[in-house]
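Novice: What follows is a structure written as structure tokens; I'll ask about it next.
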Amino acid sequence: MPVLRNIAQLATCPPGNPQADAGIISNAAIVWEGSTVKWVGEARDLPTEFDREPVMDCERRLVIPGLVDCHTHLCFGGWRADEFALRIGGASYQEIAAAGGGISSTVTATRAASQGDLRRKASQVLDAMLKLGVTTVECKSGYGLDRATELKLLEVYRLLGQTHPIELVPTFLGAHAIPKEFKGDREKYIRLLCDELIPAVAAEGLARFCDAFVEQGAFTTSEARRILTVASEHGLQIKIHADQLSDSGGAELAAELGAVSAEHLEYVSDQGIEALASSGTIAVSLPLASFYLREPYIPARKLLTAGVPVAVATDFNPGSAPSFHLPLAMTMACIHQQMTPQEVLNGATTVAAQAISASNRIGSLLPGYGADLAVIDAPSLNQWLYHFVPNACARVMKNGTWV
Ligand code: NIG
Ligand code: FE
């Protein structure tokens, strides 16, 4: 049972705490056994039974739960750097999409990519995420939009989940866009999703969640209601890309369907916030998407005041958020979403774990939880999120093993 001592601050991030309280213990120690946390507390209270255990010196650093990136589009073919330049020149995300770019161009590149190439590329991203202290990643399909390619993406996630130290939580996002070949017949694509793809994904156990992009140019609330109801009947839990570019009733739909999370919410209405509060749905904020698209940031203070927990994630994808840097997203959530460092840390650990229905086993450093942690080269949480450096993470542990 190894002991880590001389920790300046240990953030336990208990799931039951108000989001403003990350359960910080100063001058702390932590003990783990196998893959599980055994004891946490002030070092001076360390029980004598651990006296003879191997001790590692943390050198007055910060220790946090392994970060949970609860919203990514991890696997895709190609990139879209030219669109970045077009947007800087004044074109909007939706204008580019309407002209055949956007999600549609990544779908073309993803269909053309081999499974091996997709896997190598996603694996490199995961390696880099792990170095930043991320130990769990939710990953969406949605760049295939046909049976073969959607299954190819979910297979990549399955294979990486078996081989990479990061735990992957796969989400089926067949309802990301209407693919080109169905532009004249949306109904036919929705039937393909409901009658073939969702049943196949569920039968193969390839996803835990089903997501839909509710937006002008993507899916209407009534289309998403149909798709997500079928998904729920097949045992998939629900997430929604809601109110990202306009108030399109996505939050209200998430509440109505009992979604685990409503994600984006840049344009959520006051009624949408109320609905989320009463349904217990988690809001997932994606500050990097607001940053790259020059869109408003999520009204995090309103959500928190209403009692809606706010997770923080990257939205890593080739269009709206081409960065997987969760600590950067966290610093941006402090500044642009006016969330305190403790709210943000809970948002990227226990609240993010809640957004993937896993807060009973990851995202907190408490006895019985998975021994997933990051040692951050900063003396305090405030110092870490304030003094941004490319990578402050000194060491990472997943399931009790340094990785
Ligand atoms: O979460 N909004 C929809 N999906 C992604 C963007 C996808 C893309 O641009 O490729 C998002 O922002
Ligand atoms: Fe997204």
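The values are calculated or read from the model by the stated rules, or taken from the named source; none is laboratory data. Being a predicted model, the structure only gives us computed values, none of them experimental. Here Cβ is always computed from backbone atoms with ideal geometry, including for glycine, and neighbour counts include all displayed protein chains. The protein model used for the area step is the full one, side chains on, heavy atoms only, and it has no ligands, DNA or RNA in it. Shrake-Rupley method; radii C 1.70, N 1.55, O 1.52, S 1.80 Å.
Novice: Over the stretch 30-154, what is the relative contact order in percent, taking alpha-carbon pairs closer than 8 angstrom and at least six residues apart?
Specialist: 32 percent
Novice: Continuing with the same structure: Using DSSP to define loop residues, name the GluC sites (Glu not before Pro) in the stretch 1-59 whose beta-carbon has at most 16 other beta-carbon atoms within 10 Å.
Specialist: Working: sites: 33, 42, 49, 59; in loops: none.
Of the GluC sites (Glu not before Pro), not one in the loops of the stretch 1-59 has a Cβ with at most 16 other Cβ atoms within 10 Å.
Novice: Okay, next question. Determine the dipole magnitude for the stretch 67-354: charges of +1 sit on the beta-carbon of Lys and Arg, -1 on that of Asp and Glu, nothing else is charged, the reference point is the Cα centre, and the result goes in debye to the nearest 20.
Specialist: On the way: 23 positive and 32 negative charges, 126 e Å.
Using only the charged Cβ atoms, the result is roughly 600 debye.
Novice: Using a 1.4 Å probe, what is the accessible area per residue for the chain, in Å²? Could you put the intermediate results ahead of the total?
Specialist: On the way: 14990 Å² over 403 residues.
Result: 37 Å² of accessible area for each residue.
Novice: I've got another one for you. Run the numbers on the chain and let me know its relative contact order in percent, using alpha-carbon pairs under 8 Å that are six or more apart. Working shown, then result.
Specialist: Details: 961 pairs, mean separation 85.0, N = 403.
In percent, rounded to a whole number, it is 21.
Novice: Could you check how much of the accessible area of the chain is carbon and sulfur, as a whole percent, using a 1.4 Å probe?
Specialist: Here it works out to 51 percent.
Novice: Between residue 6 and residue 48, with labels modelled 7 Å along Cα→Cβ, what's the label distance in nm to one decimal, could you check?
Specialist: 2.5 nm
Novice: Additional query: What Kirkwood radius, in Å to one decimal, follows from the Cα pairs of the chain?
Specialist: On the way: mean 1/r = 0.0471 Å⁻¹.
So the Kirkwood estimate lands at 21.2 Å.
Novice: Lysine pairs, Cα distance under 22 Å, 8 or more residues apart or cross-chain: how many in the chain?
Specialist: Taking the Cα cut-off of 22 Å, the pair count is 16.
Novice: Also: Just to verify a number: FRET efficiency for residue 401 and residue 185, C-beta to C-beta distance, R0 = 60 Å, to 0.05?
Specialist: Efficiency, from the Cβ-Cβ distance: 0.75.
Novice: Take every Cα pair under 8 Å in the stretch 67-216 that's 6+ residues apart, average their separations, divide by the length, and report that relative contact order as a whole percent.
Specialist: Working: 206 pairs, mean separation 37.4, N = 150.
This gives 25 percent for the stretch 67-216.
Novice: Quote the FRET efficiency, to the nearest 0.05, computed for residue 195 versus residue 84 with a Förster distance R0 of 45 Å and r equal to the Cβ-Cβ distance.
Specialist: Values: r = 37 Å, r/R0 = 0.83.
So, using R0 = 45 Å, E works out to roughly 0.75.
Novice: Percent of alpha carbon pairs in the stretch 49-109 separated by more than 19 Å?
Specialist: 60 percent
Novice: Can you give me the Rg/Rh ratio for the stretch 145-221, using Cα atoms for both radii and the Kirkwood formula for Rh?
Specialist: Ratio of gyration radius to Kirkwood radius for the stretch 145-221: 1.01.
Novice: When Lys and Arg each count +1 and Asp and Glu each count -1, what net charge do the other residues less than 15 Å away from residue 101, Cβ to Cβ, add up to?
Specialist: +1
Novice: Let me ask you something else. Can you give the helix-only mean residue ellipticity at 222 nm for the chain, where every DSSP H stretch with n ≥ 4 adds -39500 (n - 2.57) and the sum goes over all residues, rounded to the nearest 500 deg cm²/dmol?
Specialist: Result for the chain, helices only: -10000 deg cm²/dmol.
Novice: Tell me the net charge near residue 118. Cut-off is 10 Å between Cβ atoms, residue 118 excluded, with +1 for each Lys or Arg and -1 for each Asp or Glu.
Specialist: Result for the neighbourhood of residue 118: +2.
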